[in-house]
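**Student:** One structure, pasted below without further comment.
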Amino acid sequence: MMSRKLLVLGIDGAADSVTRKLLARGKLPQLGRLVERGVYATATPSWPGETGANWATIATGASPAVHGCAYNVHLPGTPLDACVSGFPSTRCLAEPIWETAARHGKRSVIFNYPQSYPVTCDNVIHVGGDGCPDPDHTEIFAQQGYTTGEPPAATMCGNPVMTRIVPVPARGWAHVDSAGALAAPLEVRPGWKAMARLEPTAFQLLILPAKPDAPAEVLLCREQDAATALGRAQRGAWSGWMVTAVSTDRGAVEVAFRMKLLDLSDDGRRVHLYLTQGCPTTGYTTPEPLAAALNARCGYYRRRLVTQQWVLPNACDRQTFVEEAAYQADWYAKAAAYIFAEHDSDLFVLKWHGPDILHHHSWHLIDPIHPLHDPATRDEGWRLFESVYGIGDRMIGRIVESAGEDCIAAVVSDHGAYANILSADPVLYRELTRAGMIVHNADGTVNWRETQAYPGKGGVRVNLAGRDPGGCVSSRDYARVRGATIELMQDMRHPATREHLFSLVCVREDAAFMGFGGERAGDVFYCVKPLGIDGTAAAAFEGVAASPHMQGNTTGTHGACLPSTRFSEGSQEGIFIAGGQGLKRGLCRPNPISLADVAPTLCRLWGMASPRHAEGRVLEDLLA
């Protein structure tokens with residue numbers, strides 16, 4: 001019964017509210033065909049509605065209380081402000097569907113899915129990393145913008161996403177015969193989690209001014225010698241792939257990367273260049289030899305799209321993001337087709353991150369509730385959304401076609417998105433400090449001997465003696481401190497809107513119905529209330545008027561609100577679309593499903609038992 005392929009095609013952040021609109025407008029024809037031969041359902045995420053938690057829920061059928069994953073995880077016995085990534089496979093405490101398949105003798109192919117790397121079982125072909133939107137082991141140096149202008153003083157998370165360059169006459173260069181040629185070194189930044197630590201590395205940028213018979217262009221060289229050029233580009237265009245060895249603490253590593261010349265004046269004195277991350281040409285696949293075959297047949301692997309941290313400070317632009325998204329989606333489709341043709345496989349699991357990044361940097365373009373929204377450009381914003389969602393739609397169609405007509409294909413997202421306007425986090429921290437629940441030393445650090453409660457990932461934690469390092473709250477005072485924290489939070493209001501910050505605050509045990517719990521969870525659970533704001537309030541609230549992108553550098557968000565939240569054009573809820581034999585045809589389910597229901601339902605369709613720790617139910621009403 002399992003001779004058919006099962007496809008789990010993850011589209012990170014695909015919002016139910018946006019997907020329904022685009023389907024109704026006929027902009028997602030491949031998804032439309034899947035719905036015609038299958039089902040559509042709104043999908044409610046586990047709390048928190050974010051990437052690290054919900055891809056694990058989708059793969060395991062278990063709640064975060066059981067699988068223990070989130071974007072960042074607090075491990076018991078570590079300092080209350082300490083977190084680790086929730087994306088490595090070793091962090092997941094529940095069995096994912098590919099391990100279930102391996103127990104049944106089936107082979108899985110996994111593309112960059114959260115909690116899938118390092119590979120933990122046999123019979124798996126793996127491409128990419130652990131699915132984290134941040135850099136992973138496949139990044140040797142980070143993407144970067146270079147400009148002759150003035151880079152922003154501060155950007156999201158403090159990342160130095162732009163570097164100022166000062167071109168000077170290209171004196172001492174070999175093989176340069178262009179009068180007026182300029183040059184500047186381009187230093188690259190090491191990746192955060194690279195498989196090998198990059199030694200200090202700088203390429204040489206050669207700038208050739210326009211001639212009567214040729215436009216201005218740039219060459220990226222290894223040395224001050226035009227004959228060592230790795231690639232070249234003119235204004236508005238990409239270079240080809242540039243492949244070279246760089247020095248690391250593990251010896252020479254061959255990397256592949258590209259550049260896009262966003263702007264260049266004819267005299268070469270105004271330059272704006274974007275350099276992609278440098279990824280190794282090997283080491284990103286299991287088995288290892290597969291990388292060479294994919295490089296030859298599909299082009300070089302590009303794991304991380306340019307994110308909001310680069311787009312919003314103008315280190316890059318939205319069109320470049322769209323082009324990168326299109327390249328990656330095309331690569332995934334070609335790589336899937338090659339693997340299907342060359343290797344026996346039964347289960348295919350993929351996560352593509354395009355829509356989520358789009359929402360973070362461009363949600364204000366479509367949502368009138370956001371203070372940065374301009375009604376005059378709303379149609380243009382929707383065209384941008386149609387373009388990115390459409391890239392994913394075409395990728396899905398090509399993968400389904402490669403898998404064969406008899407496959408079961410499920411398209412699912414981990415959460416949706418809504419307008420990011422005002423944040424509860426700084427208010428919560430400030431009010432807990434004012435109430436004496438958080439105490440600081442003279443140097444501004446937290447005094448853990450006196451701090452009673454601390455907000456972090458997964459709720460507010462009581463600083464409990466015997467459990468937490470430096471814990472100061474005795475077991476007999478635990479209930480009192482937790483109760484006082486809840487009462488304080490229930491009365492908190494945002495200073496700009498005077499609205500309550502939270503839609504729900506309760507003890508951890510009372511949030512079990514949302515899948516919250518386990519030893520990694522906080523003692524106090526809360527759901528943030530999405531907050532609107534008008535122009536008068538924005539001007540009156542310190543910090544808002546001075547911030548060009550309101551909350552940090554993002555205008556769309558998701559996460560700590562109620563899983564069923566709908567806010568203006570947005571929704572926290574994602575999508576579940578499935579087509580194939582055994583499903584009803586053309587069914588739009590009137591009520592949402594839980595993302596924990598995905599694995600049990602697909603396993604039933606495929607004729608396989610649910611993953612060992614699954615809590616979700618089989619959606620019998622979707623089955624034919």
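**Student:** Modelled label-to-label distance, ARG476 and ALA512, 7 Å Cα→beta-carbon offset: nm?
**Tutor:** Each label point is offset 7 Å from its Cα along the Cβ direction, giving 2.8 nm.
**Student:** Give the relative contact order (percent, whole number) for region 425-549; include only Cα pairs under 8 Å separated by 6+ residues.
**Tutor:** Values: 175 pairs, mean separation 24.6, N = 125.
Here the relative contact order equals 20 percent.
**Student:** For a test of the definition: using alpha carbon positions, the gyration tensor, and the 1.5 limit on a/c, classify region 425-549 as rounded, prolate or oblate. Each step should come with its number before you reach the end.
**Tutor:** Numbers: a/c = 2.39, a/b = 1.48, b/c = 1.61.
Note, shape of region 425-549 comes out oblate.
**Student:** Can you tell me, using C-alpha contacts under 8 Å and at least 6 residues apart, the relative contact order of the chain as a whole percent?
**Tutor:** 25
**Student:** Tell me, how many Å apart are the Cα centres for region 565-621 and for region 394-445?
**Tutor:** Centre-to-centre distance over Cα atoms comes out at 21 Å.
**Student:** Given a Förster distance of 51 Å, report the FRET efficiency between ASP122 and ASP266 from their Cβ-Cβ distance, rounded to the nearest 0.05.
**Tutor:** Numbers: r = 59 Å, r/R0 = 1.16.
Efficiency at R0 = 51 Å is approximately 0.30.
**Student:** With 30 Å as the limit, write out which pairs from LYS457/LYS584; LYS27/LYS193; LYS351/LYS584; LYS27/LYS351; LYS27/LYS529; LYS21/LYS193 have Cα-Cα distances beyond it, or answer none. Please list the in-between numbers first.
**Tutor:** Numbers: LYS457/LYS584 40 Å; LYS27/LYS193 38 Å; LYS351/LYS584 25 Å; LYS27/LYS351 21 Å; LYS27/LYS529 32 Å; LYS21/LYS193 38 Å.
Among LYS457/LYS584; LYS27/LYS193; LYS351/LYS584; LYS27/LYS351; LYS27/LYS529; LYS21/LYS193, the Cα-Cα distance tops 30 Å for LYS457/LYS584; LYS27/LYS193; LYS27/LYS529; LYS21/LYS193.
**Student:** Can I ask one more? What is the extension gain from ASP406 to GLU199, computed as 0.36 nm multiplied by their sequence separation minus the C-alpha to C-alpha distance, in nm to one decimal?
**Tutor:** Working: separation 207, 0.36 × 207 = 74.52 nm, distance 5.01 nm.
Going from the current span to full extension adds 69.5 nm.
**Student:** While we're on this one: In region 500-524, whose amide N lies under 17 Å from the spot 7 Å out along Cα-to-Cβ of VAL427? List them in ranges.
**Tutor:** Hits in region 500-524 for VAL427 at 17 Å: 500-506.
**Student:** Just for the chain, what percent of DSSP beta bridges are antiparallel, to the closest 5?
**Tutor:** On the way: 73 of 103 bridges.
If we restrict to bridges inside the chain, about 70 percent are antiparallel.
**Student:** May I pose another question? Would you work out the charge dipole size for the chain about its Cα centre, treating the Cβ of every Lys and Arg as +1 and the Cβ of every Asp and Glu as -1, and quote it to the nearest 20 debye?
**Tutor:** Using only the charged Cβ atoms, the result is roughly 600 debye.
**Student:** Can I ask one more? To the nearest Å, what is the center-to-center distance of region 59-113 and region 272-287, using C-alpha atoms only?
**Tutor:** 25
**Student:** 7 Å from Cα along Cα→Cβ at both ARG498 and GLU223: what's the point-to-point distance in nm?
**Tutor:** About 7.1 nm, to one decimal.
**Student:** What's the extension gain from GLU323 to TRP192 if we count 0.36 nm per residue and subtract their Cα-Cα distance? Can you show the working numbers first?
**Tutor:** Details: separation 131, 0.36 × 131 = 47.16 nm, distance 2.42 nm.
Here the segment from GLU323 to TRP192 would lengthen by 44.7 nm.
**Student:** Right, next: According to a simple spin-label model (label point 7 Å from Cα along Cα-to-Cβ), what is the distance in nm between SER564 and VAL243?
**Tutor:** Label-label distance for VAL243 and SER564, simple model: 5.4 nm.
**Student:** Also, quick follow-up: Name the residue from GLN204, MET608, ALA245 whose Cα lies farthest towards the positive end of the charge dipole of the chain, charges +1 on Cβ of Lys and Arg and -1 on Cβ of Asp and Glu.
**Tutor:** Checking the options against the dipole of the chain, the answer is MET608.
**Student:** Right, something else. Just subtract the alpha-carbon distance of LEU75 and CYS588 from 0.36 nm times their residue separation and send over the number in nm, one decimal.
**Tutor:** Values: separation 513, 0.36 × 513 = 184.68 nm, distance 4.04 nm.
So the chain would gain 180.6 nm between LEU75 and CYS588.
**Student:** Can you give the calculated 222 nm mean residue ellipticity of the chain, where each DSSP H run of n ≥ 4 adds -39,500 (n - 2.57) and the sum is split over every residue, rounded to the nearest 500 deg cm²/dmol?
**Tutor:** Details: 14 runs with 149 residues, N = 624.
Mean residue ellipticity, 222 nm, calculated: -7000 deg cm²/dmol.
**Student:** At q = 0.05, 0.07, 0.11 Å⁻¹, what is the log10 ratio I(q)/I(0) for the chain, with the Debye formula run over Cα points and no solvent?
**Tutor:** Those come out to -0.23, -0.46, -1.13, one per q.
**Student:** What's the FRET efficiency of HIS104 with ARG378 using the Cβ-Cβ distance as r and R₀ = 45 Å, to the nearest 0.05? Display every interim value, and only then the final one.
**Tutor:** Working: r = 50 Å, r/R0 = 1.10.
Once rounded, the FRET efficiency stands at 0.35.
**Student:** Taking the highest mean first, how do the peptides 511-520, 591-600, 448-457, 463-472 order by number of other beta carbon atoms within 10 angstrom per residue? Don't skip to the end; give the middle numbers.
**Tutor:** Details: 511-520: 18.1, 591-600: 22.7, 448-457: 19.9, 463-472: 16.6.
Result, highest mean Cβ count within 10 Å first: 591-600, 448-457, 511-520, 463-472.
**Student:** Another one. Take the Cβ-Cβ distance between ALA179 and ALA252 as r, set R0 to 45 Å, and report the resulting FRET efficiency rounded to the nearest 0.05. The partial results should precede the final answer.
**Tutor:** Working: r = 36 Å, r/R0 = 0.81.
According to the calculation, E is roughly 0.80.
**Student:** Suppose every Lys and Arg Cβ carries +1 and every Asp and Glu Cβ carries -1, with no other charges. What dipole size does region 425-549 come out with about its Cα centre, to the nearest 20 debye?
**Tutor:** Working: 14 positive and 15 negative charges, 43 e Å.
Dipole magnitude for region 425-549 comes out near 200 debye.
Where a number appears in this text, it was derived from the coordinates with a stated rule and is not lab data. All figures in this text were calculated on a predicted structure; none of them were measured in a lab. In this analysis, Cβ positions are derived from the backbone assuming ideal geometry, glycine residues included, and neighbour counts consider all displayed protein chains.
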